[in-house]
1. What are the residues in region 6-25 that are outside any helix (DSSP H, G or I) and within 11 Å of the ligand (Cβ to nearest atom), if any?
2. Exactly one condition in (1) of a type outside the set (Phe, Trp, Tyr); (2) closer than 22 Å to LYS91 by Cα; (3) surrounded by fewer than 19 Cβ atoms within 10 Å (Cβ to Cβ); (4) more than 8 Å from the ligand (Cβ to nearest atom) is not met by PRO28; state its number.
3. Within the bounds of region 12-22, is there any residue that is surrounded by fewer than 19 Cβ atoms within 10 Å (Cβ to Cβ), touching a Gly at 6+ places or on another chain (Cβ under 7 Å) and not aromatic (Phe, Trp, Tyr)?
4. How many residues are modelled with pLDDT of 95 or more and closer than 17 Å to ASP121 by Cα if we restrict to region 151-165?
5. So which residues in region 129-152 are assigned to a strand (DSSP E or B), on the phi > 0 side of the Ramachandran plot and buried (at least 19 other Cβ atoms within 10 Å of the Cβ)?
6. Might you check whether a residue that is more than 18 Å from ILE145 (Cβ to Cβ) and buried (at least 23 other Cβ atoms within 10 Å of the Cβ) occurs anywhere in region 90-108?
7. Do we have LEU73 as touching a strand residue (DSSP E or B) at 6+ places or on another chain (Cβ under 8 Å), among the aliphatic types (A, V, I, L, M) and under 25 Å from SER14 (Cα atoms) here?
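The values are calculated or read from the model by the stated rules, or taken from the named source; none is laboratory data. Here the structure is a predicted model, which means the values were calculated and not measured. Don't worry about glycine lacking a Cβ; one is built from the backbone with ideal geometry, like all the others, and counts go over all protein chains shown.
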Amino acid sequence: MLDSNIQDKPEIHSQIEQKSKDIGFTMPSDLYIGTLLKTLMASKPKGRFLELGTGIGLSLSWMVDGMDLESELISVDNDSKLIEIVSEYFKADKRVELICEDGSKWIKNYSGDKFDLIFADAWPGKYSEIDEVLNFIKVGGFYVIDDMTAQPNWPEGHEDNVERLVAYLEERDDVTLTKLNWSTGLIIAVKNS
Ligand SMILES: C[S@@+](CC[C@H](N)C(=O)[O-])C[C@H]1O[C@@H](n2cnc3c(N)ncnc32)[C@H](O)[C@@H]1O
């Protein structure tokens, strides 16, 4: 099996990828996490989804591709230039709400319905506000994170943050998790109570 043979890229993907290169965005999500997210999203018809860290919208394009017509997705980033760019790609899709706000602040103020899947791809919801975000997930819902194996762009000492997070997730008895040394290092957790 050739796992790099990914044939179902979102139509908009290459356009966003080009934009990412044009503006020198250095943190785009890769194809592997993309294809996994699409599959997980497709397992939740009429789903309610959250992405923390919209970035340039590559992972978002996969998530949206996996959603059915009755699903909804919120994506949050604190960079107004990125949100402006990504809005152009998704403005016609009423299922998608893009929010420009600090993720920690957004999490602290959120009081809406729980989510079927959260992809936490920014500091908030991963290295801070982890309890809050895990509480936002429905029983049977997914918590997904990447960048868990050492990456060239990691700041000095980031390994310690990663180790702490993994240990914390492993200790919790309300999530069942799988660690995958694939893509950039993934954790897929399911909320079980
Ligand atoms: C790894 S990138 C996300 C990449 C994205 N998934 C993609 O495919 O393009 C992390 C993003 O988190 C955003 N970010 C960093 N700190 C944040 C914060 N405190 N609140 C919200 N977003 C934040 C950055 O602006 C960046 O776009």
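1. Pass one, region 6-25, residues outside any helix (DSSP H, G or I): 6-12, 24-25.
Hit for region 6-25 is PHE25, nothing else.
2. Unmet condition: (4).
3. no
4. So the answer is 7.
5. Taking region 129-152 as the starting set, the residues that turn out to be assigned to a strand (DSSP E or B) are 137-145.
Imposing the further condition that a residue be on the phi > 0 side of the Ramachandran plot reduces the set to 140.
Within region 129-152, none qualify.
6. Here is the first cut: in region 90-108, the residues more than 18 Å from ILE145 (Cβ to Cβ) are 90-102, 105, 108.
From what's left, buried (at least 23 other Cβ atoms within 10 Å of the Cβ): 96.
Checked against the condition, which is being more than 18 Å from ILE145 (Cβ to Cβ) and buried (at least 23 other Cβ atoms within 10 Å of the Cβ), region 90-108 yields at least one hit.
7. Numbers: touching a strand residue (DSSP E or B) at 6+ places or on another chain (Cβ under 8 Å): yes; among the aliphatic types (A, V, I, L, M): yes; under 25 Å from SER14 (Cα atoms): yes.
Against the criterion (touching a strand residue (DSSP E or B) at 6+ places or on another chain (Cβ under 8 Å), among the aliphatic types (A, V, I, L, M) and under 25 Å from SER14 (Cα atoms)), LEU73 qualifies.
For (1) hydroxyl-bearing (Ser, Thr, Tyr); (2) surrounded by 12 or more Cβ atoms within 10 Å (Cβ to Cβ); (3) more than 23 Å from GLY141 (Cα to Cα), each residue gets a yes or a no:
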site: PRO155; (1), (2), (3): no, no, yes
site: HIS158; (1), (2), (3): no, yes, yes
site: GLU163; (1), (2), (3): no, no, yes
site: GLU171; (1), (2), (3): no, no, no
site: THR178; (1), (2), (3): yes, no, no
site: TRP182; (1), (2), (3): no, yes, no
site: LEU186; (1), (2), (3): no, yes, no
site: LYS191; (1), (2), (3): no, yes, no
